[in-house]
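Working notes, beginning with the structure itself.
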Amino acid sequence: MTKINAIYNTIQEWFRLKKITQGLTGSELRSATTTFYVQFSMSVLPTILIVSVHYNEPPETHFYSLVHYLVLIIPLMTAYLLLRRRYFNLSAIITLVSINYHLGALTLAQADDPAPIGFFITSILSFLMISKNYNVTRFLISIASLGLYTASQYYYRVMGGNALFGPPKWIVPAEYLIPPLILGSFLIVLIVYQFVKAVETAETKLTEEHEKSEKLLLNIIPQEIAEELKRKGVSTPRQFNSATICFTDFEGFTSIAETMNPKELVEELDRCFSYFDSLMDHYNLEKLKTIGDSYMFVGGIPSTNKTHAVDCVLAAIEIQAFMNQMKDIKESQNLPYWELRLGIHSGEVIAGVIGEKKFAYDVWSDTVNTASRCESSGVSGKINISSATFELVKDFFDCDYRGYIDAKNKGKIKMYFVNGILEELREKNNPNTPNSQFKKRYEFLKDHNISL
């Protein structure tokens with residue numbers, strides 16, 4: 001029974017083309033699967049009929065049938081191999097050309113063979129099997145198929161021409177047969193093309209909207225959590241034994257904001273927060289939220305790592321450097337400027353998605369409260385870190401011990417100011433840029449099982 005199930009699953013996987021079609025858009029997937037099913041059908045059907053031909057057709061037709069059967073099967077097998085190598089359009093073109101050739105061979109063999117009807121089918125399949133990027137090729141194959149059908153009918157039904165193995169049984173005038181054939185062929189091409197075009201347009205719009213939705217979702221929650229939500233509909237909260245929380249807050253924001261119009265205020269905040277956002281991906285951090293002029297981010301979740309504290313401090317150094325640059329520009333223009341307090345703390349957190357509408361990925365624990373107190377107990381233009389974070393970053397950064405600082409509702413907390421990267425670990429011309437020694441130490445921390 002196990003072997004039967006295994007065989008069944010293998011056949012099922014083969015028919016679903018999962019490995020071949022992985023990563024394709026809806027339109028590409030339809031083209032690839034249609035090509036495969038046509039190849040399969042046109043391999044199986046003639047193989048079954050070849051036996052019937054041997055017993056029911058005259059002996060003089062046997063060799064002709066066998067030769068043209070092989071001329072069909074060999075290109076189909078080649079096209080299938082190309083399909084497996086993801087040459088989808090080339091595979092489709094070879095498939096359609098080989099089928100048209102086979103239909104032509106059958107049409108030449110018997111004047112009253114139903115094979116010419118197959119030309120109608122291949123004219124439609126060209127729009128379903130070939131990508132819209134090859135629109136000219138689609139039309140050429142479709143027109144060629146319908147041309148072959150019209151030519152065969154004209155030759156046999158109007159001219160009364162003989163086939164290799166038999167004459168036609170009925171003949172009609174050209175003015176009776178040809179006009180409806182041409183009109184019918186034109187209508188088939190037009191209707192099928194318009195239908196496929198409408199489907200492809202809808203699929204393109206659907207894909208674009210899906211990509212926009214995905215982008216918006218990933219701007220709200222991490223990709224790992226988004227995938228879990230899509231699979232299960234819910235996200236299970238997780239506990240992280242070690243993560244680093246960072247809060248920023250603008251000094252004197254309210255007083256300066258009162259001197260700015262709403263548009264200027266929003267543009268200034270957007271300029272700052274957009275730059276902060278750009279650092280999140282660079283340092284493998286997660287932005288959690290903004291609350292007014294406060295910006296909160298975290299390292300070490302949803303994927304755990306050993307470098308989260310170092311990553312957060314590196315991002316904090318770049319943030320302060322950016323704010324100092326903004327300060328210099330504003331001062332040179334005699335404009336008011338914002339200064340930033342930045343607080344960091346490391347410890348255990350619980351992370352998850354809360355709410356059913358306008359949900360958000362958030363963290364909870366005393367670590368969050370302590371990080372907030374590190375920010376409020378800091379000094380403008382400085383990076384204030386707790387002793388817990390200091391222990392994780394002391395081998396990378398130059399820090400000044402502040403002593404035990406009073407923190408609201410937390411008592412006294414041991415705190416440090418981060419001055420920058422250690423002298424031996426930074427570039428000489430740019431003190432905020434890690435050198436090769438820093439990177440080696442960072443890689444060692446990332447790859448080795450150091451307790452955090």
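Kindly indicate whether LYS327 is touching an Asp or Glu at 6+ places or on another chain (Cβ under 8 Å) and part of a strand (DSSP E or B). Taking the combined requirement at face value, the residue does not satisfy it.
Within region 335-356, identify whether any single residue is in a loop (DSSP other than H, G, I, E, B) and within 34 Å of the chain's Cα centre (by Cα), and answer yes or no.
yes
Residue count for region 396-422 under the criterion of being among the acidic types (Asp, Glu) and exposed (fewer than 14 other Cβ atoms within 10 Å of the Cβ): the result is 2. For region 427-440, the tally of residues that are at pLDDT 90 or above and either among the hydroxyl-bearing types (Ser, Thr, Tyr) or assigned to a strand (DSSP E or B) (or both) stands at 2. Taking each residue of region 222-236 that is aliphatic (A, V, I, L, M) and looking for partners that are modelled with pLDDT of 75 or more with beta-carbon atoms closer than 7 Å, six or more apart or interchain, yields ILE225/PRO302; ILE225/VAL353; ILE225/TYR361; LEU229/VAL353.
Kindly indicate whether any position in region 172-190 is modelled with pLDDT of 75 or more, over 29 Å from CYS374 (Cα atoms), exposed (fewer than 11 other Cβ atoms within 10 Å of the Cβ) and not charged (D, E, K, R). Within region 172-190 (the criterion being modelled with pLDDT of 75 or more, over 29 Å from CYS374 (Cα atoms), exposed (fewer than 11 other Cβ atoms within 10 Å of the Cβ) and not charged (D, E, K, R)), the answer is no, since none of the residues qualifies. Scanning region 385-406 for residues that are in a strand (DSSP E or B) and more than 39 Å from the chain's Cα centre (by Cα) yields SER386, ASP398, CYS399, ASP400, TYR401, ARG402, GLY403, TYR404, ILE405, ASP406. Of all residues in region 24-48, none that is outside the structural domain of LYS197 (by TED's automatic domain parsing) and surrounded by 19 or more Cβ atoms within 10 Å (Cβ to Cβ) has its Cβ atom under 6 Å from the Cβ atom of a residue that is among the small types (Gly, Ala, Ser) and in a helix (DSSP H, G or I), 6 or more apart or on another chain.
Scanning region 124-160 for residues that are charged (D, E, K, R) and over 37 Å from the mean Cα position of the chain (by Cα) yields one hit, ARG157.
Looking only at helices (runs of 4 or more DSSP H) that lie completely in region 82-162, which have at least 3 residues being in the same structural domain as THR21 (by TED's automatic domain parsing), in contact with a Leu (Cβ under 6 Å, 6 or more places away or on another chain) and within 27 Å of THR33 (Cα to Cα)? Fully inside region 82-162 and qualifying: 88-109, 117-129.
The values are calculated or read from the model by the stated rules, or taken from the named source; none is laboratory data. These figures come from a predicted structure and were not determined experimentally. Neighbour counts are summed over all protein chains in view; Cβ atoms, including those assigned to glycine, are modelled from backbone coordinates with ideal geometry.
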